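The structure under discussion appears below in the form of structure tokens.
The values are calculated or read from the model by the stated rules, or taken from the named source; none is laboratory data. This structure is a prediction, so every number in the text was calculated from the model and none was measured. Glycine gets a Cβ as well: all are built from the backbone with ideal geometry, and neighbour counts include every protein chain shown. Remember, those area values only see protein heavy atoms, side chains included, never the ligands or the DNA or RNA. Shrake-Rupley method; radii C 1.70, N 1.55, O 1.52, S 1.80 Å.
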Amino acid sequence: MRFVQTFWTAGRNPLEHGFGWLRPEFNLMSWALSCLSLREHYDEVALYTDEQGKHVLIDLLHLPYTEVNVVYDEKLCLPQHWAYAKIKTYSLQTKPFLHVDGDVFLPKPISEDVINATLMAQNKETGTEYYRRMMDGILQEATLELPDYIGEALREASIASYNMGVFGGNDLAFIHAYCEEAQNLYESNKAFCSDGNFNLLFEQILFACKVKREHQSVCTIFPMLFNDNGYTVADFCQLCDYEHKGYFHILGGHKRNQGITESLAEALIVHHPDYYRMITALYWGQYPRGLIGGNICVPLMTADIPVTSYIDFLNEAEEDWRSITWEELLETELKCIKGRAMSRYEGKQNSDPVVGLNPHLKCFDVPTTWDAGALQRMRERFLCKPDAPIERIAVIPTLSPKTRREYVLYGVEHQVLELLKKHPMQISELVDKLTSKSEEMRTLWHTEIRILLNEGLLIPFIIN
């Protein structure tokens, strides 16, 4: 099966424009992970793009597409009508294909039933008020030109559609006819349907209408129906479970979720660290943990922290971390990510891993001379409760967008770190040293250890 992707920039610079993502670099990380996940399973993955897209994805990032087609320019359509570029790509195919959006990741291959289907899509959708409001805005246009069967579908209580994060099949005749109708629908109405909701009509709804009218069968990756606004983080965007699921699609507003973008970065760090390094090297301002003489370097800080003595501490820490190589920090980062995964499943598995301190961990003891104003500013920085004690702060360097993780330690967590200063130990041994046989207290300590693993202050160790 031939796999294809479409990256149309509409004349916008991909290094500066986020294309719906929180920041531009996350768009590039998404494209990298999408392409690389496809190439892990499939020998033929073609890109359809324009000059700007080729420059970034191919010339700068060297993504391993087996075929690159520079066939579009910025005048293809209005920038907000990005689905039209996908329709054009569908129409150019001369043999069975599956088109995969750049925000779709496939850790596992698609099932053969889907691959061999006459027509396929990600899933069928049930229309709610969400799509109804979108279409009502378009239907208000007096000059709208629609085939009767589409007009009837838009007047139904629930507007049917298909999510086409993945779309294609073996029936090229039907697909080409659908593309021709979509292009005609677009050209007839583009003058007054200028908002982005028009994409929904000429791509997803039109396909559902044509399938129904011609009694076609569509095989979907997900057999269940999803509400048009029902794509949850748990169903499609939980990238921390990258190795355990077969399909991810970061739709719409999820692209602006900071937790999701951070987990996207982590997935790329774990599975394709060289590509993560290439992308972040393009954004020194946002990702200053770069390379000077082969070592890690972050510019010193001046005014982003509310208390001067804490700024001094962080600058001293950064000076010490300069001797860490990128490869060393990558090794630690991978252990941190593994530790976060363990923190989610610890207690559900019959394992008793050895844990130790992050080798780059540094702690700041809050001076007793700080006044109430300084303490309050630090509470605000760490989103603490107004009366929360702040006595010790732990800091580690990371390769992630944050460049460092800072965490306020409480008394019980401080005890865990003090014990592990001597040597790594199994979690059960650590808990034995911290508490009596009380099951309630043992549960409390397990929870605290999971928190420290999740924050990267503790990491799993492999003892030979």
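Within the range 275-287, at least one residue is modelled with pLDDT under 85 and surrounded by 18 or more Cβ atoms within 10 Å (Cβ to Cβ).
Residues in the range 196-224 that are in a loop (DSSP other than H, G, I, E, B), of a type in the set (A, V, I, L, M) and either open to solvent by less than 60 Å² (accessible area, probe 1.4 Å) or free of Cβ contacts under 8 Å to residues at least 24 places away in the same chain (or both): Val218, Ile221.
Restricting Leu409, Leu419 to residues that are at pLDDT 85 or above and open to solvent by 30 Å² or more (accessible area, probe 1.4 Å) narrows the list to Leu419.
Cβ-Cβ contacts under 7 Å between residues 6 or more apart (or on different chains), taken from a first residue in the range 235-263 that is part of a loop (DSSP other than H, G, I, E, B) to a second residue that is open to solvent by 60 Å² or more (accessible area, probe 1.4 Å), are listed as Gly246/Lys108.
Looking across the range 225-248 at every residue that is touching a strand residue (DSSP E or B) at 6+ places or on another chain (Cβ under 7 Å) and under 19 Å from Ser158 (Cβ atoms), the one that is most open to solvent (accessible area, probe 1.4 Å) is identified as Leu225.
Yes/no per residue for (1) in contact (Cβ under 8 Å) with a residue 24 or more places away in the chain; (2) part of a strand (DSSP E or B); (3) of a type outside the set (D, E, K, R); (4) touching an Asp or Glu at 6+ places or on another chain (Cβ under 8 Å):
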{"residue": "Gln5", "(1), (2), (3), (4)": "yes, yes, yes, yes"}
{"residue": "Ala10", "(1), (2), (3), (4)": "yes, no, yes, yes"}
{"residue": "Pro14", "(1), (2), (3), (4)": "yes, no, yes, no"}
{"residue": "Leu47", "(1), (2), (3), (4)": "yes, yes, yes, yes"}
{"residue": "Val68", "(1), (2), (3), (4)": "no, yes, yes, no"}
{"residue": "Glu74", "(1), (2), (3), (4)": "yes, no, no, yes"}
{"residue": "Leu78", "(1), (2), (3), (4)": "yes, no, yes, no"}
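Evaluating Arg379 against the criteria (1) modelled with pLDDT of 85 or more; (2) open to solvent by 50 Å² or more (accessible area, probe 1.4 Å); (3) basic (Lys, Arg); (4) within 34 Å of the chain's Cα centre (by Cα) leaves one unmet condition, (2). The set of residues in the range 422-464 being small (Gly, Ala, Ser) and at pLDDT below 85 consists of Ser436, Ser438.
Restricting Ile87, Ile110 to those that are out of contact with any Leu (no Cβ under 8 Å at 6 or more places or on another chain), at pLDDT 90 or above and surrounded by 19 or more Cβ atoms within 10 Å (Cβ to Cβ) reduces the list to Ile87. Residues that are over 24 Å from Tyr283 (Cβ atoms), surrounded by 16 or more Cβ atoms within 10 Å (Cβ to Cβ) and not β-branched (Val, Ile, Thr) are absent from the range 320-327 altogether. Against the definition (β-branched (Val, Ile, Thr) and crowded, with 22+ Cβ neighbours inside 10 Å), how does Thr49 come out, yes or no? Considered against the rule, which asks whether it is β-branched (Val, Ile, Thr) and crowded, with 22+ Cβ neighbours inside 10 Å, Thr49 comes out as yes.
Candidates in the range 249-260 are the residues that are out of contact with any strand residue (DSSP E or B) (no Cβ under 9 Å at 6 or more places or on another chain) and farther than 17 Å from Ile337 by Cα; of these, the one that is least open to solvent (accessible area, probe 1.4 Å) is Lys255.
Only a single criterion out of (1) open to solvent by 20 Å² or more (accessible area, probe 1.4 Å); (2) assigned to a helix (DSSP H, G or I) is not satisfied by Ala157, namely (2). Restricting the range 434-450 to residues that are farther than 20 Å from Arg344 by Cα and surrounded by 13 or more Cβ atoms within 10 Å (Cβ to Cβ), which is nearest to the chain's Cα centre (by Cα)? If we take residues in the range 434-450 being farther than 20 Å from Arg344 by Cα and surrounded by 13 or more Cβ atoms within 10 Å (Cβ to Cβ), then Leu434 is nearest to the chain's Cα centre (by Cα). Scanning the range 22-35 for residues that are open to solvent by 10 Å² or more (accessible area, probe 1.4 Å), hydrophobic (A, V, I, L, M, F, W, C) and farther than 9 Å from Asp103 by Cα returns a single hit, Leu22. Number of residues in the range 178-192 that are in contact with a Ser or Thr (Cβ under 7 Å, 6 or more places away or on another chain) and either surrounded by fewer than 16 Cβ atoms within 10 Å (Cβ to Cβ) or at pLDDT below 95 (or both) equals 1. For the range 206-257, filtering for residues that are modelled with pLDDT under 95, among the β-branched types (Val, Ile, Thr) and touching a helix residue (DSSP H, G or I) at 6+ places or on another chain (Cβ under 8 Å) leaves 1.
Rundown of residues vs (1) surrounded by 18 or more Cβ atoms within 10 Å (Cβ to Cβ); (2) hydroxyl-bearing (Ser, Thr, Tyr), yes/no style:
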residue: Lys54; (1), (2): yes, no
residue: Ile58; (1), (2): no, no
residue: Thr66; (1), (2): no, yes
residue: Val71; (1), (2): no, no
residue: Glu74; (1), (2): no, no
residue: Ala83; (1), (2): yes, no
residue: Ser91; (1), (2): no, yes
residue: Lys95; (1), (2): no, no
residue: Asp103; (1), (2): yes, no
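Just one of the listed residues (Gly151, Gly137, Gly127) is at pLDDT below 95 and surrounded by 22 or more Cβ atoms within 10 Å (Cβ to Cβ), and it is Gly127.
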